[in-house]
Amino acid sequence: MTQSSQIGHREREILTAIVETYISTGEPVGSRTLARQRSEPLSAATIRNVMADLADAGYLEQPHTSAGRVPTPAAFRYYVDQFSGQTSLSEADATKISGMMGGPADVEEFLSRSSHVLSLLSGGVGVTMSSPGPRNSLEHIYFSRLGDHKILAVLVTRSGLVHDRLLRIEKELTQSDLDLAARYLNENFRGWTLDSLRGELRRQIDEQRNEFDRLTQSLKLLYEQGALSTAAEPSVFVDGTFNLVVNDQDSERLRLLLQTLEEKERIAELLNAYLDAKQEAVRVVIGLEKALPSLRNFVLIGAPAHVGNEVVGSLAVIGPTRIDYQHTITAVSYIARLFDQLLSEEKQQ
């Protein structure tokens, strides 16, 4: 039998009331406060006894010498488990989110918008991250000659990611050469994963190395300079760090938090550590100290971002344990679905 299954109806009611009161006020919760809140009469002494039992079970702790109690991470986890999968976003909030997200865009722009919207809705920090490029397949590529042996390669994937790369080519290529190379790639490799495309193109170049025609020579030069490569590092978007400044008065902890959130590789590590691309529901992680010690008293609420069957990124909210869980969970879930809906529709047009 798990610890949570041993909580009776009265204990569950009181624990829920304590968690929700603490989320609202940020202050330790006392038995008298709970007695005044209840519609059904229950003495402060009875509530104190229940709170003592909850403390023994690891759900409450008593800070300093205060008479009140505050929820532990176990209490927040239990609280979240009680309504997971049972909440839905209000029509007003859904309309508000759709309006802020705007119309269809490429994946990176949508991720950038999502981080901003999540921070506004949750009062926490909205973080989003694109998946590594090699998972994507080719939709379109084109080249533009800039002069002085410089060429701009623009690669668009089927999931909507756009990768720009400035190439330096030793041999001068005309715009006609570049158009011919782009047309060959688009006509023969649209829909191929980039890894497969690069492998096949390398094979073709090697087979024809002794009989270079103009097209093969152009493809070889462009390939060797990384025209079909994507950025090794994912794009990370962070929005709403000011919310922490407003809500956290501990200057040293705040300094560590802001330093962590400025290091985007740390954010990438955090999302990779806690969000699984195979998960179908929103995940709530309370206490992030295993990944980043400075986030010990913080929570991550996140989900993978899909376009069709392809995972193109992750989106999440990082906030204090006092965050509005129900509202944030439903917002993350809704934006993840909206992500798939709008970008899938755009691909079909």
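A few points about this structure:
- Exposure proxy ranking, count of Cβ atoms within 10 Å, fewest first, for K278, K150, K96: K278, K150, K96
- Computed over the chain, relative contact order equals 19 percent, with contacts defined as Cα pairs under 8 Å that lie 6+ residues apart.
- Neighbours of I335, meaning other residues whose beta-carbon lies under 12 angstrom from its beta-carbon, give a summed charge of +1 when Lys and Arg score +1 and Asp and Glu score -1.
- Point-to-point label distance, Q62-E207, nm (Cα→Cβ direction, 7 Å offset): 7.9 nm
- Share of Cα-Cα pairs in the chain lying beyond 37 Å, as whole percent: 36 percent
- For the chain, the dipole from Cβ point charges (+1 on Lys and Arg, -1 on Asp and Glu) about the Cα centre works out to 500 debye, to the nearest 20.
- Kirkwood hydrodynamic radius of the range 134-224, from the reciprocal of the average inverse Cα-Cα distance over all distinct pairs: 13.4 Å.
- Point-to-point label distance, N272-R36, nm (Cα→Cβ direction, 7 Å offset): 5.1 nm
- Dipole axis of the range 4-72 (+1 Lys, Arg; -1 Asp, Glu on Cβ), positive-most option in V19, Q37, G8: Q37
- Highest GNM mean-square fluctuation among M129, M101, M51, for the chain modelled with Cα contacts below 10 Å: M51.
- Arranged from fewest to most other beta-carbon atoms within 10 Å of their beta carbon, E91, E27 become E91, E27.
- Going by neighbour counts of Cβ atoms within 10 Å, the residues I329, I7 line up, fewest first, as I7, I329.
Each reported figure results from applying straightforward, stated rules to the coordinates on display, with no laboratory input. A quick note: this is a predicted structure, and the numbers were derived from the prediction, not measured. When we count neighbours, we look across all protein chains shown, and the Cβ atoms used for this are built from the backbone with ideal geometry, even at glycine.
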